[in-house]
Every structure is written in C-alpha cells, then in structure tokens.
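The values are calculated or read from the model by the stated rules, or taken from the named source; none is laboratory data. Remember, it's a predicted structure, so these values are computed and weren't measured experimentally. Note: ideal-geometry Cβ built from the backbone for every residue, glycine included; neighbour counts use all protein chains shown. SASA here: full protein model, heavy atoms, side chains in, ligands and nucleic acids out. Shrake-Rupley method; radii C 1.70, N 1.55, O 1.52, S 1.80 Å.
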Amino acid sequence: MQDDDRFHFYEPALGHGLPHDPFNAIVGPRPIGWISSHDAQGVLNLAPYSFFNGFNYTPPIVGFASITAKDSLRNIRETGEFGWNLATRPLAEPMNQSCAAVPPEVDEFALAGLTPAPSRRIAVPRVAESPVSFECRLTQIVQLQAADGRAIETWLVLGEVVGVHIARHLLREGIYDTAAAQPILRGGGPADYFEIRHDNLFKMFRPR
C-alpha cells in the first residue's frame, strides 16, 4: 500500500514524532470526571480525570480511567462508592487545584476551597458548588490490557448512578440546558480546556 502524503501516519508504539502527543487532542474535547471519594476512615478525596464518560442509559453507568493506582481507585475499592461532580467554567480554578499531587491524607475539598455536601444515597459527599452531581455505586473495576494481553497500569472504574442532583435553574421547561451549566472539557495540550456555549449549538434529528 502506498503512503498518502496528505496524512501524518505513526505507530504509537514507535512514537508520534510530533511536539506533543495528539491522541488526547483527537479524542476530545473530553468531559471531566471530577470524582469525589473517601477512604475507609472517612478521609476525603477529590480529583479530576480526563478519561471519563457515560456508558449506559438503564441503569445509568458512568466510568473513569485511573492511569496508575491513584487515591480515588483505592478509596472506591474500599468503600464501593464515589461521586461525580460537573466541572464548570466558574469552578475551573478549584478543579485545577484539586489535581495537585498531594499525599492521601490531604483533603482536596479543603485544598481547593470547596464545600463537601451530603449525598442522599451514598456516604461520599458531593461538591456543593457544582450545579450537577451524580451519586454512584461501584459496579466494576477493570484493569486494561494491550492487544497482546499484557496488563496495563490503568484501571477503568464503572459505577451505577443511584442519585442525581441538578440545580433547578438548569432545567428549562423540564429539559436540562447543557450550555447554561458552562461545562468545561479537556483538550489535548498540556493546559487546554474548552467551554460549551449556546452559540455552538446545532440540532440533528435521527432519520426514520
């Protein structure tokens, strides 16, 4: 097969040959998994994960990937619960503060100046300042593997959403207004984020 000069081709195992790995930029922008948890002793943890998404409607299931065994993974293994909190433009700086590399005994809620609010179906608190939060119960932890079957130091954490908190001002005639919440999304550069705005909205209906 002939090379096509219109495309930059690379095999990830051999390196991308670019100033910055483009994978994260191509698969994006990505929703942020701002995950709240606590350990068996109740020490709080709050951390953003850029590999996060929803995976099922009924029951609703969300998941995030922990690249290396971080505190969130260990906490959720211990307690079987976690929260997801919507990261928004007004909360961008506190969200960024919560990703600081600190010891497990450090409470990122306090570090970022955020308020832990009680959940209703789980013991893990949510971020009071966030306009949307999910209460989740662990369903699976899956260690990822390469195509050759080699185990990778990354774990996919999946949880069923058992409780949802939505700020009432985001419900317009009963319909959730995505852009009004000002969610931020992770880009591919070392510091790139995007914000969803109403002026970027377009509609397409499924063909019958």
Unmet criterion (only one of (1) surrounded by 13 or more Cβ atoms within 10 Å (Cβ to Cβ); (2) modelled with pLDDT under 95) for Glu105: (1)
Segments classed as strands (runs of 3 or more DSSP E), wholly inside region 98-208, with at least 2 members that are touching a Lys or Arg at 6+ places or on another chain (Cβ under 8 Å) and over 18 Å from Gly54 (Cα atoms): 193-195
Residues that are open to solvent by 60 Å² or more (accessible area, probe 1.4 Å), farther than 14 Å from Thr88 by Cβ, of a type in the set (A, V, I, L, M, F, W, C) and touching a strand residue (DSSP E or B) at 6+ places or on another chain (Cβ under 8 Å), drawn from region 153-200: Val164
Just one of Asn85, Asn45 is on the phi < 0 side of the Ramachandran plot, of a type outside the set (Gly, Ala, Ser) and free of Cβ contacts under 8 Å to residues at least 60 places away in the same chain; which is it? Asn85
Considering only region 134-173, state which residues are over 16 Å from Arg74 (Cα atoms) and acidic (Asp, Glu). Glu135, Asp148, Glu160, Glu173
